[in-house]
Each structure stands twice: as C-alpha cells, then as structure tokens.
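Please read the structure below before turning to the comments.
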Amino acid sequence: MEVFVSRRVPRSSGAAALALVLGAALTAPLALTTPAAATGQFTVSALKFTVQAGDRTCVVDADLYRPAGVDRAHRAPAVLATNGFGGSKSDGQTDAIGKAFAQRGYVSLVYSGLGFGRSGCLISLDDPAIDGAAASQLIDFLGGRRAADDGTKADIVTLDAPGDPRVGMVGGSYGGAIQLATAAVDQRVDALVPMITWNDLAYSLDPNNAVGGGSVPGAFKWQWANGFYLIGEGQPLLEPNLDPSRINSLACLHFVTKACDTVRTLNSGRYPAKETAELLAYAHSVSPISYLNRVKTPTLLVQGQADSLFNLNEATATYKTLKAQGTPVKMIWQSWGHSGGITDPAAGELNLGQGNLETSYVGRRILAWFDRHLWKKNVDTGPAFAYYRDWITDPDHTYATADRVPGLSRTLYLSGDGKLVDNRAKVARGSRTYTNWLVPTSHSESSLAGALGIPDPAPYDTKGTYLGWTSEPLARTTEVVGAPRATLKVVSPKAERTQHSGDAADKLVLFAKLYDIAPDGSRTLVHRLVAPVRVPDVTKSFTVTLPGIVHRYDKGHRLRFVIAASDDAYFGNRGIKPVTVVSAPGDTGVLRLPVTG
C-alpha cells in the first residue's frame with residue numbers, strides 16, 4: 001500500500017496532480033524495471049478475464065509471459081503477480097516481475113489489481129472474499145479450468161492434478177498482501193513471497209503499540225493513509241474512461257463503502273464505541289491477521305527495515321503465526337521498504353532493475369524458494385531468519401542469519417534523574433513532568449517526503465513536551481536486532497478523568513522511541529521509527545512494543561529512550577494532558593532490548 005495528505009482531501013486539480021505523482025512514486029521502492037540480465041526469450045499476450053469479485057462482475061486486465069520453448073509438451077511452473085497500490089500491470093515494477101521470471105523459464109501472469117489500471121471493480125484492500133476470489137479465477141486459467149475472454153487457454157503450465165497448476169506468487173506491498181489473501185481461499189497456490197506488506201491494517205494505519213491494547217485504537221497515520229485514499233479516489237485522473245464497475249457512489253467514488261467509512265472515522269479524530277468497533281472489525285477482516293489460519297502455502301516473508309508504513313513488527317507477527325500453526329515459513333529483513341521513496345536499494349540488495357536475482361542475497365533466496373516449491377528441486381532454501389546490516393561495507397556479507405528472531409536479552413531502568421541505568425539499585429528517586437501543546441511539538445518524519453523527493457527535517461522534540469533517559473557511553477559495541485519493549489507507569493490526572501468518556505480519543509496518547517547519541521551529541525532516530533501508544537488505562541502500568549530495528553550502537557555512543565507528547569505524522573492528544581513519570585529503585589520504568597552476541 002502507499003499514502004493521505006490532509007484531514008480532508010479536496011478533489012481539486014492540485015490533489016489530482018499529487019495523486020499522479022504519488023501513484024508513480026510510491027511503488028518505486030521495489031525498484032522493478034526491465035532486468036538487464038536476460039537469460040531467456042519470451043512472448044507477451046494481453047488478456048482479459050471476466051471475474052466475479054464479491055457482489056460485482058468485472059474484467060481483469062492481464063499479460064501472459066510465455067518463455068521460449070514452453071509448450072503443451074514442455075510445461076513450466078507459473079508465477080502470478082499484481083501491482084502495488086496505485087500501480088498496474090504496466091507500471092515499471094509489475095511488468096518487470098513478469099519479464100524477470102519469464103526470462104528464467106516461468107510462465108508469468110501479471111495483472112492489474114481490482115480497481116487499478118484497466119481492471120474493473122472497486123478498490124477493496126486485498127479482501128480475500130473479493131481480491132482473493134478474483135485471483136483464484138486467474139489460477140483457474142493457469143490450471144486449464146477456464147479460458148481468457150478471447151478464448152486463449154493456458155495449456156503450458158505444469159499441473160499437479162487436473163485443474164491444479166504449479167504456481168507461486170511474488171510482489172510487494174499491496175501486491176504482497178494479495179498473496180496471503182489468495183492462499184487463504186485457494187489451496188492450489190504452491191509458494192508465496194510477500195514483500196513489505198501488512199499483517200493488520202488497523203495497526204498499519206492507526207497503530208497502538210501498547211501490548212494488549214488491540215481493542216483500543218491508536219494514533220492515526222494521517223499522512224500515509226490520506227495519500228492512499230487520494231490515489232484511490234483520484235483514479236479517473238490516472239486512468240480515464242473507467243469501467244462502470246469501478247464506480248461506487250458520489251460519497252465514496254472508487255473504494256468499497258466500508259473502506260471510505262473507515263477513512264472518515266480516522267480523519268474525524270473521534271473514536272465513538274460503535275464506529276470504532278466497526279473500524280477495527282473491517283480493518284481486521286481485510287488483513288492477514290484474520291485469515292492466516294487458512295494459509296498453508298510455504299511462505300518466504302521479506303520485510304523492509306526502512307519502513308514506517310509496514311514495519312518489521314508486521315512481518316514478525318505473520319511469521320510467528322504461520323510458524324506456530326505449522327505452515328512452512330522463513331523471513332528476511334532487507335534494507336529497503338516504503339520509507340525513502342524512489343531511492344535506489346543499497347549496493348548488493350535486490351534490484352530487479354539490475355537483473356540481480358542471482359547476485360543479490362534476497363534474489364537468490366527467492367529463486368531457491370521457487371526452485372524448491374515450484375520446480376521441486378532438492379535445494380537449500382536458507383535459514384529461518386536473516387537480516388541486513390547497514391554497517392557492513394562488503395555487499396557479499398551484509399546479511400546475518402539465525403534460527404529465530406532474537407529475544408529480549410538486556411534490561412535497563414529509567415532513573416528519576418533522567419539516566420538509563422543497568423541496575424535497579426542505581427535508580428534515583430525522582431519525578432519529572434511534560435505536557436503536550438495543542439499543536440505537534442515532535443517530528444519523526446514527513447511520511448511523503450521520500451515518495452515526493454523533498455527534504456525532510458531531522459527528527460526533533462521540543463523542550464518541555466517530552467522526557468528522555470540517557471545511558472552512559474557504551475563500553476562495547478551493541479547490536480540491537482528486533483523490537484525493544486518498555487514497561488511504563490505514568491501519572492496524568494487529566495487523562496484519568498477523561499479516559500472513560502465513551503470516546504477512546506479522550507485516552508492519553510504518547511510516542512516512545514529510541515535514539516542513538518554519538519559522542520559529538522548528534523542524534524539518530526533509526527529509520528525515523530516511533531511507537532504511538534494510546535494508553536488503555538493510565539492508572540495501570542503498560543508495556544510498549546517499539547518497532548523492530550537492526551542497528552549497531554557503536555562503543556562510546558549512548559542510548560536515549562524518549563517518550564514524547566506528540567508527533568506531527570500522527571493525530572495525537574485531544575486536549576492538554578500533563579504527564580508525570582515517577583521513579584524509585586523498587587518501582588520504575590524498564591526498557592528491554594533484543595541484543596545479539
């Protein structure tokens with residue numbers, strides 16, 4: 001998925017122009033253009049498929065890539081793929097998937113997702129019952145159960161049984177979630193490679209990082225979310241003469257109605273009980289979190305460290321669920337994600353535009369995954385977990401591997417004097433207070449800056465509107481791999497009085513984050529990631545899961561844990577709510593870090 005720019009999105013020519021820019025830029029992190037290293041020739045046929053998608057019938061626009069030498073007597077496995085949000089089968093990314101895999105001997109079928117390009121139907125956020133059902137009908141084509149609208153048949157795909165093609169799926173973001181949605185409704189899919197995608201849209205767009213706070217909405221990512229909405233509602237400008245099946249109503253032009261209702265609730269800044277329950281129920285229903293129990297297909301998850309939209313915690317949640325239920329699954333944390341926009345991947349990272357499937361770590365892992373599950377070769381598909389390290393300069397050794405995601409192994413304590421100490425006995429008694437303003441006073445990122453190629457100010461916090469705890473200089477280099485956790489207790493009489501108003505928006509909001517402080521005082525907020533929290537009950541302690549990171553804190557650097565009153569990429573507190581944190585040796589906040597080595 002990709003972006004929302006203001007609380008109210010005008011349908012003006014300016015908004016239309018922005019939609020055009022974002023529609024192109026937000027899929028760019030995949031860096032998928034024509035591969036330079038062709039290993040085989042192929043032909044391409046444009047096809048149309050009339051499908052039943054939920055309560056609508058519409059036409060899907062697709063391209064079939066047929067490798068040279070593949071025919072009825074010499075069949076090959078298939079790869080099915082679709083676009084990221086705002087893209088189409090013909091964008092610089094999706095068609096590159098078709099070309100890349102056709103050049104490597106796969107029959108490739110790439111298509112414009114429902115509501116995008118020249119495909120019909122409404123935008124339904126990769127709903128298994130709609131988008132998944134449509135993809136399943138394309139698998140019928142690959143398996144010989146149906147023809148394209150012009151009569152073309154796919155009698156060149158390897159079959160495991162009559163009507164059951166050997167087929168894998170690959171793609172990123174919106175083109176990643178569709179894989180899980182399809183596998184949930186069609187057991188014929190043999191291999192998945194979802195990249196930089198979501199586990200729970202409620203968390204993605206309105207995150208609450210309080211552990212156990214899932215029934216309480218979080219802090220709305222208004223920039224990311226409104227950008228997506230703008231692209232979706234601006235489809236007539238991106239693709240003139242839309243099929244009538246892509247029109248909903250004047251109140252909700254091109255999305256399914258529940259998606260628009262969700263956006264309006266989020267933009268209202270209010271969380272009444274009924275509307276909030278409907279918002280969470282709908283967001284969960286179109287998210288893997290609600291249907292992963294039906295996904296049995298071997299899955300290679302690839303998630304980006306530089307991603308404030310779908311962070312590493314989302315892939316980790318999907319990974320743990322699949323693993324616990326016995327679905328074959330492995331996970332890679334690569335360097336790039338949605339944040340950073342159109343910047344090129346780091347040296348040695350997957351970039352299909354350079355044709356480097358065979359020479360990049362992630363590319364080799366994808367090829368091995370498909371070799372094993374599509375070609376049925378007895379090959380090693382790699383370790384359970386791998387992660388990119390940006391402090392390694394040799395592109396051949398940037399990835400470390402492990403048999404599991406590291407657990408929390410180091411504990412630090414929040415002292416009353418603002419220090420972060422390694423022993424509870426060192427905690428000083430004391431209390432400190434901050435308060436929010438009516439406007440945001442902290443900055444982590446401008447979510448659209450990377451996509452639009454514009455400068456983004458360095459992260460900052462305004463004095464008096466945050467609290468920080470800083471460690472002593474580190475005696476040795478410390479590598480953090482995973483999601484830190486903090487257990488906190490705050491005092492906020494104003495929030496205590498308002499938190500039971502019946503509107504969850506009256507609960508206290510804060511933002512937790514972890515800085516790297518260099519000896520010269522310069523600060524790094526790793527990938528500009530923060531953990532928004534809407535505190536379920538300020539009279540009780542609560543635990544916050546920060547976004548997962550892979551970061552080396554060098555010897556001599558210091559860690560600084562911060563809780564801030566606001567962040568301008570999110571909706572924050574309603575009203576002024578001063579917050580006090582009290583510390584004592586026997587009762588203080590705790591920060592736990594997943595440290596390797």
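Read-outs throughout are calculated quantities, based only on the coordinates presented, and are distinct from any laboratory measurement. Note that the structure is a prediction, hence the values are computed from the model and not measured. With ideal geometry, Cβ positions are generated from the backbone for all residues, glycine too; neighbour counts draw on all protein chains shown.
Here, P(r) means the percent of Cα pairs in each 10 Å bin from 0 to the largest distance; for the range 393-508 it is 9, 23, 32, 26, 8, 1.
Dividing the mean sequence gap of close Cα pairs (under 8 Å, 6+ apart) by how many residues the range 410-593 holds gives a relative contact order of 39 percent. Only one of [x] 21, 53, 23, 3; [y] 22, 56, 21, 1; [z] 18, 53, 27, 2 was calculated from the structure for P(r) over Cα pairs in 20 Å bins from 0, in percent, and its label is [x].
Backbone geometry of the range 179-187 corresponds, through the Karplus equation with coefficients 6.51, -1.76 and 1.60 at θ = phi - 60°, to 3J(HN,Hα) couplings of 5, 5, 4, 5, 5, 6, 10, 9, 6 Hz, x marking Gly and Pro. Using the average count of surrounding beta-carbon atoms within 10 Å as a protection proxy, the listed peptides 285-295, 306-316 rank, highest first, as 306-316, 285-295. Taking the fewest neighbouring Cβ atoms within 10 Å as the starting point, the ordered list for HIS443, HIS500 is HIS500, HIS443. Within the straight-line cut-off of under 19 Å between alpha carbons, the aspartates and glutamates reachable from LYS320 are ASP200, ASP403, sequence neighbours fewer than 8 places apart in one chain being disregarded. Can you flag which of LYS99/LYS323; LYS89/LYS153; LYS89/LYS274; LYS323/LYS376; LYS330/LYS540; LYS153/LYS330 are past 27 Å Cα-Cα? Correct reply: LYS99/LYS323; LYS89/LYS274; LYS330/LYS540; LYS153/LYS330.
May I ask for the Kirkwood hydrodynamic radius of the range 410-593, worked out over all distinct Cα pairs and given in angstroms to one decimal? Working shown, then result.
Values: mean 1/r = 0.0591 Å⁻¹.
Averaging 1/r across every pair of different Cα atoms and inverting gives 16.9 Å.
Among TYR413, TYR553, sorting on how many other beta-carbon atoms sit within 10 Å of each Cβ, with the fewest leading, yields TYR413, TYR553.
Whole-Hz Karplus values for the range 131-139 come out as 5, x, 5, 5, 4, 4, 6, 6, 5 Hz, taken residue by residue from phi with 6.51 cos²θ - 1.76 cosθ + 1.60 and θ = phi - 60°; glycine and proline positions read x. Relative contact order, whole percent, for the range 117-249 stands at 26, derived from Cα pairs under 8 Å and 6 or more residues apart.
Counting every other Cβ atom within 10 Å of each residue's Cβ, TRP391, TRP369, TRP469, TRP198 order from fewest to most as TRP391, TRP369, TRP469, TRP198.
With an 8 Å Cα cut-off and a minimum separation of 6 or more residues, compute the relative contact order for the chain in percent. It would help to have the intermediate numbers written out before the result.
Details: 1560 pairs, mean separation 91.0, N = 597.
Relative contact order, the chain: 15 percent.
Just subtract the alpha-carbon distance of SER215 and LYS320 from 0.36 nm times their residue separation and send over the number in nm, one decimal. Write down the numbers at each step before the final one.
Values: separation 105, 0.36 × 105 = 37.80 nm, distance 2.07 nm.
Going from the current span to full extension adds 35.7 nm.
Count the DSSP beta bridges whose two residues both fall in the chain, then state the antiparallel fraction as a percent rounded to the nearest 5. The antiparallel fraction comes to roughly 70 percent.
Ordering of 268-275, 380-387, 123-130 by packing is 123-130, 380-387, 268-275, highest average first (other Cβ atoms within 10 Å, averaged per residue).
For the pair SER431/ASP243, report the inter-label distance in nm, with labels modelled 7 Å from Cα in the Cβ direction. If labels sit at SER431 and ASP243, their model points lie 6.3 nm apart. Shape class of the range 88-139 from the alpha-carbon gyration tensor: oblate, with a/c at 1.5 or above and b/c at least as large as a/b.
Using the Cβ-Cβ distance between LEU438 and THR539 with R0 set to 25 Å, the FRET efficiency from 1/(1 + (r/R0)^6) comes to roughly 0.50.
Straight-line cross-link reach from LYS221 at under 19 Å between alpha-carbon atoms covers these lysines, not counting any fewer than eight positions away in the same chain: LYS258, LYS507, LYS513.
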